[in-house]
1. What about residue 492, is it more than 16 Å from residue 510 (Cβ to Cβ) and surrounded by fewer than 19 Cβ atoms within 10 Å (Cβ to Cβ)?
2. Among the residues of the range 318-328, is there at least one that is surrounded by fewer than 16 Cβ atoms within 10 Å (Cβ to Cβ), in a loop (DSSP other than H, G, I, E, B) and over 28 Å from the mean Cα position of the chain (by Cα)?
3. For the range 627-712, list the strands (runs of 3 or more DSSP E) that sit wholly inside it and hold at least 1 residues that are over 20 Å from residue 615 (Cβ atoms) and modelled with pLDDT under 85; which are they?
4. Let me confirm something: among 193, 177, 200, which residue is free of Cβ contacts under 8 Å to residues at least 60 places away in the same chain, more than 21 Å from residue 363 (Cα to Cα), crowded, with 19+ Cβ neighbours inside 10 Å and under 19 Å from the mean Cα position of the chain (by Cα)?
5. Quick one: would you say residue 101 is in a loop (DSSP other than H, G, I, E, B), under 27 Å from residue 197 (Cβ atoms) and at pLDDT 85 or above?
6. Could you check the range 404-451 and list, in sequence order, the residues that are under 28 Å from the mean Cα position of the chain (by Cα), surrounded by 18 or more Cβ atoms within 10 Å (Cβ to Cβ) and either outside any helix (DSSP H, G or I) or without any contact (Cβ under 8 Å) to a residue 24 or more places away in the chain (or both)?
7. Of the residues 96, 146, only one is in contact with a helix residue (DSSP H, G or I) (Cβ under 9 Å, 6 or more places away or on another chain), within 30 Å of residue 287 (Cα to Cα), touching a residue at least 60 places away in the same chain (Cβ under 8 Å) and part of a helix (DSSP H, G or I); which?
8. Please state which of the following conditions residue 591 fails to meet, knowing it meets all the rest: (1) surrounded by 19 or more Cβ atoms within 10 Å (Cβ to Cβ); (2) touching a helix residue (DSSP H, G or I) at 6+ places or on another chain (Cβ under 8 Å).
């Protein structure tokens with residue numbers, strides 16, 4: 001068996017050109033561990049800072065994942081895909097369902113397990129960089145981990161309900177298990193790599209094209225590095241594939257039983273083949289046709305047939321498609337999930353926007369350049385792990401170009417790019433340079449990646465946003481310290497730099513604080529005219545008009561233009577702080593900001609009101625003296641004799657039983673300085689909503705002291 005160790009038992013390291021002092025600049029072990037801990041804490045803090053913003057508006061695949069996760073929690077299984085345009089890989093919806101269960105159904109807190117996974121990915125990047133550059137000590141690994149911790153797109157995606165973070169964790173674990181097996185052996189590591197690979201494939205099935213490459217890589221390492229005979233090397237190559245197959249098999253068997261024929265993991269490729277190869281039909285038509293087909297297999301067959309027919313008609317589509325998809329993959333674009341925003345019409349907070357330019361766009365560019373350097377160095381050393389990472393990137397990019405590319409798909413490359421960037425940064429600090437041949441191999445794809453990045457960068461958006469953010473930040477500080485006149489001047493400068501709805505809303509809020517209601521109304525009107533279906537603009541206008549007693553105008557303002565009433569209700573309760581009231585007529589068009597966790601108003605059961613979702617909220621009164629709460633409520637459930645309704649204010653709760661008949665419930669509350677919670681079980685309506693009780697009216701009346709805290 002060939003030896004790869006020197007007489008002292010330390011693995012012999014291949015000579016690296018320009019790296020004469022490799023191995024001699026090592027950090028003391030405890031210092032390296034301390035720095036790593038600080039980087040992981042930094043990663044956690046950065047992700048929690050972004051997560052602590054108000055719950056963002058779901059976009060892209062998030063809407064689908066959240067719906068499926070809630071279906072799983074409600075016991076409806078995978079019913080969503082009986083009508084959806086494709087069948088999705090199952091692992092992330094299951095992960096999100098588990099997160100929601102742990103969070104008690106609270107979507108905001110359900111992001112915390114994903115944040116933990118994102119911090120774990122930072123650690124995986126560190127370990128992979130150490131395996132790539134064992135001769136350079138800790139510095140390469142720490143630099144890679146620092147980049148992974150700070151990269152804002154990774155920190156942002158930790159709070160998004162998307163599969164990228166979970167995939168990075170599982171696939172990164174696969175790569176690390178293979179890297180450690182290469183160095184230390186152990187069949188269990190190959191089995192672990194295979195199991196993690198199977199889980200990654202159940203998250204995003206694009207990994208499946210990488211399985212043959214992985215097997216060939218394992219066989220090559222077994223033959224060349226470990227000196228195993230070819231039968232043993234063949235068994236080693238088969239082991240991860242078998243373990244991956246065992247992990248994937250239950251989902252495949254489930255699909256075989258559920259549908260007309262088997263589906264290995266998902267059917268997204270069939271959809272992409274039709275939808276993104278210059279179809280004759282628009283996307284709405286394609287979606288409508290596919291959603292009318294009741295079986296996912298038949299749906300995929302139809303999409304495949306249409307896509308292949310179009311390709312047969314015009315094979316040159318492929319040649320036109322490749323450069324377009326390449327640009328989409330590498331270019332920086334203004335996309336919905338770039339920032340965590342409560343509405344995608346909103347401006348990012350100034351510090352978050354400015355950090356994005358530095359820790360997202362600029363750091364991404366630097367990491368790309370350094371990763372190219374690290375890749376060239378690894379190829380110069382003929383390092384097997386570098387080759388494996390390079391093969392993953394090449395295959396994933398090829399599959400993406402042939403299907404459909406988006407900028408967020410770079411996340412699937414970061415698990416390889418960031419460790420390579422760490423080794424590249426460390427080598428440059430040491431003055432190490434790759435061999436010219438390896439540099440030339442890497443230079444061409446790097447140049448092609450940089451071209452769309454620089455050519456299509458949204459320079460005007462960045463420059464105008466920088467000026468707006470700096471002015472808004474300064475204006476917020478002046479307003480907080482009571483310098484209203486100076487703050488208004490700075491807010492107007494922000495609007496001159498980049499006019500946005502939030503800019504006018506900030507100015508309107510400032511004028512309202514000063515008592516300039518006419519000026520506030522004018523600013524809100526301009527925000528409304530600029531915004532379109534933006535809840536903030538409609539809610540601010542409506543709240544001001546309601547406060548002035550202009551009820552009909554307020555109702556019209558709250559209605560907005562093409563505005564989802566459910567989204568307006570949620571936004572208003574989260575962000576509006578309307579003048580305290582003692583009476584709420586639910587569903588009358590003026591209750592926005594006073595009611596939360598309820599559905600849009602509707603006419604039902606001989607009244608206009610709102611259904612709760614099982615945890616309705618009311619804002620009534622504002623004092624600390626006891627009050628009498630009066631509710632007009634009903635619970636017309638199918639096949640139900642009575643529904644328990646728990647009425648809580650702070651730590652105090654009382655329970656009433658509500659049935660299909662209207663009932664007036666009176667509860668004595670110790671105070672209403674906090675919100676009133678109305679908790680009940682729910683049932684599933686025919687339209688899929690989870691309904692609790694139906695509320696018509698709520699009122700509080702003071703001056704009822706001298707009684708026990710709660711009476712029903």
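1. On the way: more than 16 Å from residue 510 (Cβ to Cβ): no; surrounded by fewer than 19 Cβ atoms within 10 Å (Cβ to Cβ): yes.
Judged against the criteria, residue 492 is not a match.
2. Here is the first cut: in the range 318-328, the ones surrounded by fewer than 16 Cβ atoms within 10 Å (Cβ to Cβ) are 318-320, 322-324.
Those left that are additionally in a loop (DSSP other than H, G, I, E, B): none.
No, the range 318-328 contains no residue that is surrounded by fewer than 16 Cβ atoms within 10 Å (Cβ to Cβ), in a loop (DSSP other than H, G, I, E, B) and over 28 Å from the mean Cα position of the chain (by Cα).
3. Numbers: elements: 627-634, 643-649, 652-658, 663-669, 676-679, 694-702.
Strands (runs of 3 or more DSSP E) meeting the threshold: 627-634, 694-702.
4. Working: 193 fails: under 19 Å from the mean Cα position of the chain (by Cα); 177 fails: under 19 Å from the mean Cα position of the chain (by Cα).
Of 193, 177, 200, the one residue that is free of Cβ contacts under 8 Å to residues at least 60 places away in the same chain, more than 21 Å from residue 363 (Cα to Cα), crowded, with 19+ Cβ neighbours inside 10 Å and under 19 Å from the mean Cα position of the chain (by Cα) is 200.
5. Numbers: in a loop (DSSP other than H, G, I, E, B): no; under 27 Å from residue 197 (Cβ atoms): yes; at pLDDT 85 or above: yes.
Against the criterion (in a loop (DSSP other than H, G, I, E, B), under 27 Å from residue 197 (Cβ atoms) and at pLDDT 85 or above), residue 101 does not qualify.
6. If the condition is that a residue be under 28 Å from the mean Cα position of the chain (by Cα), surrounded by 18 or more Cβ atoms within 10 Å (Cβ to Cβ) and either outside any helix (DSSP H, G or I) or without any contact (Cβ under 8 Å) to a residue 24 or more places away in the chain (or both), then 404, 405, 413 are the ones that fit.
7. Numbers: 146 fails: within 30 Å of residue 287 (Cα to Cα).
96 is the lone residue from the list that is in contact with a helix residue (DSSP H, G or I) (Cβ under 9 Å, 6 or more places away or on another chain), within 30 Å of residue 287 (Cα to Cα), touching a residue at least 60 places away in the same chain (Cβ under 8 Å) and part of a helix (DSSP H, G or I).
8. Residue 591 satisfies every listed condition except (2).
The values are calculated or read from the model by the stated rules, or taken from the named source; none is laboratory data. Model, not experiment: these values are computed from the prediction. Neighbour counts run over all protein chains shown; Cβ positions are idealised from the backbone, glycine included.
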